[in-house]
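Here the structure comes first, spelled out in structure tokens, and everything after it is commentary.
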Amino acid sequence: MHNGVDLQSQRNINLDQSYIENYLRGKKLVIFVGRFTSQKGPDYFVSIANQIVDQVPEAVFLMAGSGDMYQQVLIQSAQSRLTGKLIFPGFLRD
């Protein structure tokens, strides 16, 4: 998978599956992990998230990372219909 992560090869990933399942309660989760720069397209992710919500209202979006477009993406998401659906955990190491 291009630019993918093989969780089997990661050592310190402790995801409590029951916690995640309880939080999502059957909702679809779409994840962006990367630098918030024009090369990575975080603004496109927010635009596409807006379109996905029209088709899949129960979808939840998570954008992990930081970068020079962080403020722009926050403003864009505030102006969109994604209130309560877009989560920004910030920069995640490793």
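Karplus-based coupling profile of segment 55-72, in residue order and whole Hz: 8, 10, x, 8, 5, 10, 10, 10, 10, 9, x, 8, x, 5, 9, 4, 5, 4, with θ = phi - 60° in 6.51 cos²θ - 1.76 cosθ + 1.60 and x standing for Gly or Pro. A cut-off under 12 angstrom between Cβ atoms defines the neighbours of Val53, and their net charge, with Lys, Arg +1 and Asp, Glu -1, is +2. Of all lysines in the structure, those lying under 20 Å Cα to Cα from Lys85, and not within fewer than 8 positions of it along the same chain, are Lys27, Lys28. Net charge in the neighbourhood of Ala78 (other residues with Cβ under 14 Å of its Cβ; Lys, Arg +1, Asp, Glu -1) is +1.
Every read-out reported here was derived from the displayed coordinates using simple, explicitly stated rules and does not represent laboratory data. Given the structure is predicted, the values throughout are model-derived calculations rather than measurements. Neighbour counts are summed over all protein chains in view; Cβ atoms, including those assigned to glycine, are modelled from backbone coordinates with ideal geometry.
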